[in-house]
Amino acid sequence: MDPEKQRAIARKGGESVPNEKRSFSQNPSLAAEAGRKGGHSVNPKKRSFSQDHTLASEAGRKGGHASHGVARKVGES
């Protein structure tokens with residue numbers, strides 16, 4: 001898909017809710033509380049990142065490389 005068309009579609013999603021109704025942007029503590037609730041709703045034994053820190057590190061590196069347009073395998077420098 002054309003990058004400009006993709007941006008236009010994404011912009012529509014952001015514009016669909018008026019600023020005054022975007023509660024997380026108006027209330028950061030509400031956003032933080034929602035994040036904590038989401039994290040606690042998963043059984044601790046099934047939280048793979050909390051059980052395997054190497055897995056979490058690898059995922060973070062992959063995300064960082066992907067967000068910067070770098071296509072490298074984990075472990076490459």
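FYI, it's all coordinate maths here, none of it is from the lab. What you see is a predicted model, and the numbers here were worked out from it, not measured in a lab. Cβ sites come from the backbone with ideal geometry, for glycine too, and all protein chains shown count toward neighbours.
Can you list the trypsin sites (Lys or Arg not before Pro) in segment 1-31 that are in a DSSP coil and have 12 or fewer other beta carbons within 10 angstrom? Passing both the DSSP loop test and the Cβ count: R22. Once the C-beta distance of Q51 and N27 is scaled by a Förster radius of 30 Å, the resulting FRET efficiency is 0.40 to the nearest 0.05.
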